[in-house]
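The values are calculated or read from the model by the stated rules, or taken from the named source; none is laboratory data. Given the structure is predicted, the values throughout are model-derived calculations rather than measurements. When we count neighbours, we look across all protein chains shown, and the Cβ atoms used for this are built from the backbone with ideal geometry, even at glycine. These accessible areas exclude ligands, DNA and RNA; they are computed on the full protein's heavy atoms, side chains included. Shrake-Rupley method; radii C 1.70, N 1.55, O 1.52, S 1.80 Å.
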Amino acid sequence: MVHSARVVALPNPKAMPPAQQAALHPLAPKPVSALSRAIRTGTGIVTQLAAPVLTIAFLLILWQMLASSPTSALPSPLKVIDESWEIIVHPFKIGNGIDQGLFWHVSASLVRVGYGYVLAAIVGIGLGVLLGQSTLAMRGLDPVFQVLRTIPPLAWLPLSLAAFRDGQPSAIFVIFITSVWPILINTSVGIRNIPQDYRNVAKVLRLSPIEFFTRIMVPATVPHMFTGLRIGIGLSWLAIVAAEMLIGGVGIGFFIWDAWNSSLISDIIVALVYVGVVGFLLDRSIAAVGHLLTRGTAAQ
């Protein structure tokens, strides 16, 4: 009795698609499922958030312990929530003057910051390009700018009030004069640091001034420029809070000063939380724009 052997034809690996050939390799990584990727992404997010959340929780517990004493001059977190519950839960309250929700005070401050910061960005970038490109301008203007930038921001406020005779433009001027210097300096440094080889190539290719500006100067300078812009937005937010304490009106700075005059320490602490969060968001917004425009070369 003869048994016939059944021959099974094995697939030829060379005839397979590249993905299947890679899967047959003994050291090839196993395919990752969508669930596994989701778990890894979630784990990464939790890992990144764990450190700041635990740090904040530790600081709050420490604050609660230190401020729980009857002789403590500052209220504890629980006391802040109890005393300032109305302004915490009603940030959009519409009223007149100082009797408004914190959202409207922050919005008024942000409008002033927006005007002053945009003006500072335009002037700072323009003068930074001039100082970076012109040795003569650098020699003539740099000493003047070095003297002006060391003047404290609030020292300009009386002069601006005398010049404009109104609190609104005075506050905008203080923001401008505070934030323009880091933008100007970082832009000029970025231009002066353009490699000489780039300039030589531009001469060989006979690039026009506009082409040199768009193809060489801007890509090489933008990372430095956005470093100055990030510093400038932080200084702008610091300056407006201080300036509003003196000029009055609607704004988060005047709200803090009015709360101090009324001995509402808990309201001051809530307002400071708003100031810190808004300042953080402003910084991260400028950083995100810089990261997008520079394709990741700007500092985060």
- Query: Among rounded, prolate and oblate, which fits the chain when a ≥ b ≥ c are the square roots of the eigenvalues of its C-alpha gyration tensor, a/c under 1.5 means rounded, and a/b larger than b/c means prolate?
  - Reply: oblate
- Item | Of 57, 243, 137, the one that fluctuates the most in a GNM where the chain has Cα springs shorter than 10 Å | 57
- Can you give the longest stretch of the chain with no exposed loop site, where a site means trypsin sites (Lys or Arg not before Pro) in a DSSP loop (not H, G, I, E or B) with at most 16 other C-beta atoms within 10 Å? 207-294
- Task: Quote the relative contact order of the chain in percent (integer), defining contacts as alpha-carbon pairs under 8 Å separated by 6+ residues.
- Result: 19
- C-alpha long axis of helix 167-192 to longest principal axis of the chain, angle in °: 40
- Label-point separation, residue 211 to residue 93 (7 Å along Cα→Cβ), nm: 6.4
- Most mobile of 267, 197, 142 in a GNM of the chain (Cα contacts under 10 Å): 197
- Given a 1.4 Å probe and the protein chains all in place, what does the accessible area of residue 291 round to, in Å² to the nearest 10? 80
- From most to least accessible, 1.4 Å probe, no ligand or DNA/RNA atoms counted, 117, 274 line up as 274, 117
- Rounded, prolate or oblate: pick one for the range 46-110, where a ≥ b ≥ c are the square roots of the eigenvalues of its C-alpha gyration tensor, a/c under 1.5 means rounded, and failing that, prolate if a/b is larger than b/c, else oblate. oblate
- Query: Under a GNM of the chain (C-alpha, springs under 10 Å), which listed residue has the highest mean-square fluctuation: 138, 65, 225?
  - Reply: 65
- Quick one: net charge around residue 270, please, counting Lys, Arg +1 and Asp, Glu -1 for every other residue with C-beta under 11 Å from its C-beta. -3
- Message: Accessible area per residue for the chain in Å², computed with a 1.4 Å probe and the full protein assembly in place, what is it?
- Response: 64
